[in-house]
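This report refers to the structure that appears directly beneath it.
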Amino acid sequence: MSASFRKNSRSIHLWLSLVIFIPVIIVIASGLLLQVKKEFDWIQPPTQKVQKGQNSAPTLPFEGVLDAVKQVPQVNLNTWDDIDRLDVRPGKGIIKVRGKNHWEVQLDAQSGDVLQVAYRRTDTIEAIHDGSWFFEGAKLWLFLPAALLLFVLWVTGLVMLYTTLKSKYRKKKYRQPLNNS
């Protein structure tokens, strides 16, 4: 490889790393938090279980789900419009009700008893991770290009590694004394 190719690769590598520094740091930091989300209750509330011996098949009707979460004033979930999703866990006997405001209420899937109420930060961290938390187009117009440029950084890094190792090998080869036996 020519010296100019090596020099250009180093220059591209340097400038691209400066351009994507902030988005990549955000993706790495939020990704680390998402990797350990089940280890820290602050990030994602642990899934509760009903007492053993009870049948865990869900029998609570939808009206019962809404009535149960209405009884928890701090979550402010009063209509179906306030609820983002239901996560039914038949094996554990619970229904997780996730509000659009990131509050989560875990209910007994049969009786409707409230098992846990907690704030869920996972969705916010995921939105930060993919860029959608910042502004409407950040995911597509900032974080996607940063990912593509990170790939280019990886390639230019490989080029630099290859050329460095090749150069060291050549220098080592020419430094060895010749055997004239």
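The values are calculated or read from the model by the stated rules, or taken from the named source; none is laboratory data. What you see is a predicted model; the values in this text were computed from it and never measured. So basically every Cβ, Gly included, is an ideal-geometry build from the backbone, and we count neighbours across all protein chains shown. In case anyone asks, the SASA skips ligands and DNA or RNA and just uses the protein heavy atoms, side chains included. Shrake-Rupley method; radii C 1.70, N 1.55, O 1.52, S 1.80 Å.
Couple of notes before you dig in:
- When the criteria are applied in full, Leu148 meets the requirement of being among the aliphatic types (A, V, I, L, M) and either open to solvent by 50 Å² or more (accessible area, probe 1.4 Å) or over 16 Å from Arg10 (Cβ atoms) (or both).
- Selection status of Lys139, under 18 Å from the mean Cα position of the chain (by Cα), open to solvent by 100 Å² or more (accessible area, probe 1.4 Å) and not polar (S, T, N, Q): yes
- Residue within the stretch 39-48 that is over 25 Å from the mean Cα position of the chain (by Cα), in a loop (DSSP other than H, G, I, E, B) and at pLDDT below 95 present: no
- Any chance Leu60 is modelled with pLDDT of 95 or more and either open to solvent by less than 20 Å² (accessible area, probe 1.4 Å) or over 29 Å from Phe143 (Cβ atoms) (or both): no
- The set of residues in the stretch 1-29 being closer than 14 Å to Leu148 by Cα and either open to solvent by less than 100 Å² (accessible area, probe 1.4 Å) or among the charged types (D, E, K, R) (or both) consists of Ile12, His13, Leu16, Ser17, Val19, Ile20, Pro23, Val24, Val27.
- Which numbered condition Leu77 fails, given (1) modelled with pLDDT under 95; (2) not in a helix (DSSP H, G or I): (1)
- Remark: Val27 falls outside the filter, which requires a residue to be more than 30 Å from Thr156 (Cα to Cα) and part of a helix (DSSP H, G or I).
- In the condition set (1) of a type in the set (A, V, I, L, M); (2) under 30 Å from Ala147 (Cα atoms); (3) in a helix (DSSP H, G or I), Leu66 is compliant with all but (2).
- Restricting Leu149, Leu107, Leu165 to those that are without any contact (Cβ under 8 Å) to a residue 60 or more places away in the chain, more than 30 Å from Leu77 (Cα to Cα) and not polar (S, T, N, Q) reduces the list to Leu165.
- Subset of the stretch 112-136 that is over 16 Å from Ile83 (Cβ atoms) and hydrophobic (A, V, I, L, M, F, W, C) - its residue that is surrounded by the fewest Cβ atoms within 10 Å (Cβ to Cβ): Phe135
- Candidate set from the stretch 79-111 (those that are open to solvent by 70 Å² or more (accessible area, probe 1.4 Å) and in contact with a helix residue (DSSP H, G or I) (Cβ under 9 Å, 6 or more places away or on another chain)); member that is farthest from Trp42 (Cα to Cα): Trp80
- Number of the exception - Leu161 against (1) under 28 Å from Ile25 (Cβ atoms); (2) under 21 Å from the mean Cα position of the chain (by Cα); (3) open to solvent by 80 Å² or more (accessible area, probe 1.4 Å): (2)
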